[in-house]
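Everything below concerns the one structure shown next.
The values are calculated or read from the model by the stated rules, or taken from the named source; none is laboratory data. Keep in mind the model is a prediction, meaning the values are calculated, not measured. Here the Cβ is made from the backbone with ideal geometry for all residues, glycine too, and neighbour counts use every protein chain on show.
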Amino acid sequence: MPIRYIEPVYRPPSEARSLILPVTDGCSWNRCAFCEMYTDPRKKFRARDESEVLESIRRVGAHPAGRAARRVFLADGDALVLPTRRLLNVLLAIRAHLPQTHRVSAYCLPRNLRRKSVAELGELADAGLKLVYVGAESGDDTVLARVGKGETFASTREALDKLGAAGIVRSVMILNGLGGVAFSAAHARHSADLANATQPEFLATLVVSFPGGEARFRAAFPDWEALDISGLLLEMERFIDRLELRRTVFRSDHASNWLVLRGNLPRDKETLLAQLRAARAAPETAPLRPAWARGL
């Protein structure tokens, strides 16, 4: 195969038709108590040899199926941990061997941008990095500390501001229910404040879930009490009600979400709130996703 993969391979839902190009294996942080994505020993973090990545790009470019790729997603968990020079070499190789590609994207941990300037990020944008997915998870510092995120409201805001200033589109994800019952209101409020402060182009919510069990999460957050469906919907209502966005595409349609929500903000804010309030008032008739269909 032109590309060496280590299963399982993860990518955002919107990258379903993208060429997945690993430039790292695993996640450089990998301490978030809620995340099960890179706990497999085969996914221990390492940067892939630059020569392997560049050769993979060349081989894909020589393959008929590879030449059809219009989008490339740089895997695994946080490609932007790599030095700017190495990322530029990868992007320039994509441009040379996959000239039909019009968008390159990647996951990004806020911590990995601390040593990258806006000018450096601008170079990456000019070379083809158009979209970055940032798992903010929460804007509440207490919740972030409890779940071992290794970030704060301030550090996430700084990273998102840098990306925006460099002209890179930002897709931000918040985890509905992450703070549990005790911190639900604060989680909703401060997460909305983070979005308001940074004005991301895309904003999404997922419901925190533990397909592999809760033991790892509860070891870090032992007094966490899960929200029921009504509590999750109320938290979403509080979150959306507080949003003051100028031009953001909003999605809450991941398999984990009980109620599918889609809209553009601020245009559809009242419609989204009405859907949430109706679901809370009459859950028996609301278009809630059945538990078996949540893909967990």
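Report yes if some residue within the range 62-72 is under 30 Å from Leu206 (Cα atoms), of a type outside the set (Lys, Arg) and not in a loop (DSSP other than H, G, I, E, B); otherwise report no. Taking every residue of the range 62-72 in turn, at least one turns out to be under 30 Å from Leu206 (Cα atoms), of a type outside the set (Lys, Arg) and not in a loop (DSSP other than H, G, I, E, B). Taking the residues in the range 51-72 that are surrounded by 14 or more Cβ atoms within 10 Å (Cβ to Cβ) and among the small types (Gly, Ala, Ser) as candidates, determine which candidate is nearest to Pro13 (Cα to Cα). For the range 51-72, the residue satisfying everything is Ala69. The residues on offer are Lys130, Lys116, and the sole one that is charged (D, E, K, R) and either closer than 20 Å to Cys32 by Cβ or in a strand (DSSP E or B) (or both) is Lys130. Considering the range 11-55, and only residues there that are touching a Gly at 6+ places or on another chain (Cβ under 9 Å), within 17 Å of Phe73 (Cα to Cα) and among the aliphatic types (A, V, I, L, M), the residue that is modelled with the highest pLDDT turns out to be Leu19. The helices (runs of 4 or more DSSP H) located wholly in the range 146-253 that include 1 or more residues which are surrounded by 22 or more Cβ atoms within 10 Å (Cβ to Cβ) and among the polar types (S, T, N, Q) occupy 153-165, 184-198. When Arg59 is tested against (1) more than 17 Å from the chain's Cα centre (by Cα); (2) part of a loop (DSSP other than H, G, I, E, B), just one condition goes unmet, and that condition is (2). For first residues located in the range 89-118 and surrounded by fewer than 20 Cβ atoms within 10 Å (Cβ to Cβ), partners that are assigned to a strand (DSSP E or B) and among the basic types (Lys, Arg) and lie 6+ apart or on another chain with Cβ distances below 6 Å form the pairs Arg103/Arg71; Arg103/Lys130.
Considering the range 119-145, and only residues there that are among the hydroxyl-bearing types (Ser, Thr, Tyr) and either buried (at least 22 other Cβ atoms within 10 Å of the Cβ) or under 19 Å from Val72 (Cβ atoms) (or both), the residue that is nearest to the chain's Cα centre (by Cα) turns out to be Tyr133. Taking each residue of the range 142-162 that is free of Cβ contacts under 8 Å to residues at least 12 places away in the same chain and looking for partners that are assigned to a helix (DSSP H, G or I) with beta-carbon atoms closer than 6 Å, six or more apart or interchain, yields Thr152/Asp141.
What do you reckon, is Arg247 modelled with pLDDT under 95, out of contact with any strand residue (DSSP E or B) (no Cβ under 7 Å at 6 or more places or on another chain) and closer than 26 Å to Ser155 by Cα? Criteria not met by Arg247. How about the range 258-288: which of its residues are of a type in the set (Lys, Arg) and either more than 27 Å from Pro200 (Cα to Cα) or under 19 Å from the mean Cα position of the chain (by Cα) (or both)? Passing the criteria: Arg262, Arg280.
Looking at Val104, Val134, Val143, which one is farther than 24 Å from Phe210 by Cβ and of a type outside the set (Lys, Arg)?
Details: Val134 fails: farther than 24 Å from Phe210 by Cβ; Val143 fails: farther than 24 Å from Phe210 by Cβ.
Being farther than 24 Å from Phe210 by Cβ and of a type outside the set (Lys, Arg) holds for just one of Val104, Val134, Val143, which is Val104.
Considered as a group, the residues in the range 1-50 that are aromatic (Phe, Trp, Tyr) and under 17 Å from the mean Cα position of the chain (by Cα) include one that is surrounded by the fewest Cβ atoms within 10 Å (Cβ to Cβ), and that residue is Tyr10. Against the list (1) more than 25 Å from Gly150 (Cβ to Cβ); (2) touching a helix residue (DSSP H, G or I) at 6+ places or on another chain (Cβ under 6 Å); (3) not charged (D, E, K, R), the condition Pro290 fails is (2).
Kindly indicate whether Gly77 is of a type in the set (Gly, Ala, Ser), in contact with a Gly (Cβ under 7 Å, 6 or more places away or on another chain) and part of a helix (DSSP H, G or I). No: the conditions fail for Gly77.
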